[in-house]
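Participant: Please find one structure pasted underneath; my questions will follow.
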Amino acid sequence: MRILIVEDSSLARNMLRGEVKIHFPEAHFIAANNGQLGLDKYLELFNANQAPELVFLDQLMPEMDGIEAAKEILKINPKAYLVMVTANIQASTEKEALGIGVKHFLNKPIDRVRLAQVVSHFQNEHQ
């Protein structure tokens, strides 16, 4: 399994990777520190028939934010499983993300129970 984490904070990226690795110890993690790089990596892997099965996107990033990256990834692969992660707790941001096709929305700091629920939903949809 391939998991792409797009997050500009290396600390947040490593923390998220550690938490997700608990649920997917054999996963191969790919990291990107901005939305444009995340989109580029997703496209490269998709074209090689190795698209990440799960993508975590920070909402606020340089180059391209998570909402724009999500829109572009979903143009490439409408079935992409995207999870938005953000410290921005505005309801309008969550509504926009879910409205474009993001599957789940996680607030920072990430709650382990909520992350486990998201992982469980993902596993149920990909059995």
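Derivation of every value follows stated rules applied to the coordinates shown; laboratory data play no part. Worth saying up front: this structure is predicted, and the values here are computed from it rather than measured. Cβ atoms come from the backbone with ideal geometry, glycine included; neighbour counts cover every protein chain shown.
Participant: Could you work out how much longer the chain between A48 and N14 gets when fully extended? Use 0.36 nm per residue separation minus the Cα distance between them, nm to one decimal.
Facilitator: On the way: separation 34, 0.36 × 34 = 12.24 nm, distance 2.56 nm.
Once the chain is fully extended between A48 and N14, it gains 9.7 nm.
Participant: How about the stretch 76-127: which trypsin sites (Lys or Arg not before Pro) there lie in a loop by DSSP and see at most 13 other Cβ atoms within 10 Å?
Facilitator: On the way: sites: K79, K95, K103, R112, R114; in loops: K79, K103.
Answer by residue number: K79.
Participant: Can you pull the percent of Cα pairs in the stretch 18-127 with separation above 25 Å?
Facilitator: Of all Cα-Cα pairs in the stretch 18-127, 14 percent lie more than 25 Å apart.
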